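Structure first, commentary second.
Every number here is computed from the coordinates shown, using simple stated rules; none is lab data. Please read these numbers as outputs of a predicted model, since none were measured by experiment.
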Amino acid sequence: MEEVKNLEQQYLKIIASVTFGLPKPNVQQLYFSYKEALKALEQQFNQGSKLYRKLSLNPHRMPKRKVQQALEAIEASYADHGMTLAGVAKALFVSSTYLSTLFKQELGVNFLDYVHQYRIEKAKALLQASDMKIHSVAKAVGYYDEAHFTKTFKKWTGMLPSQYKKEMAVIG
């Protein structure tokens, strides 16, 4: 958060320099500070989202060990477009039927929907914080086909990836 405050102060200095004719700060240095602040915020978001998942799944207990292991497996390999329920179940030494049932009981969502939501959240972060093309973002988050990525992104966010990127550029 300290980096964000520093960035805000630098921004105010630029406004002051433009308004009052003061010496202008190094814009390239400001850009790199902005990128560093974005990285720090993304790390804090990832840590916060991990904690949120742990606490919101069931406020009185942690999810069953196999579900927690499945969540960790998804986090580690979400970018692999070949990741499947069967593959994760096999890695955890349980049947896919059992893991699917546990997932639905513990999280209230099926495995595939969780994976899609996780990938879309990662895609949103990439679209917001980078200049990557849509097809590159799709591949980076585990979608082999850009059309499938676009359809899935729209399903979960209500807008196309290009629309999301434009809106974030206006906001940011």
**Fill in**
Along principal axes, largest first, the alpha-carbon spread of region 129-172 in whole Å comes out as 29, 21, 11
**Request:** Any chance you could run the full-extension gain for residue 93 through residue 133? It's 0.36 nm times the residue separation minus the Cα-Cα distance, nm to one decimal.
**Result:** 10.6 nm
**Asked** For region 156-172 and region 79-121, what is the separation of their C-alpha centers, rounded to whole Å?
**Response** 27 Å
**Item:** Whether region 82-121 is rounded, prolate or oblate, judged on the alpha carbon gyration tensor where a/c under 1.5 counts as rounded
**Value:** oblate
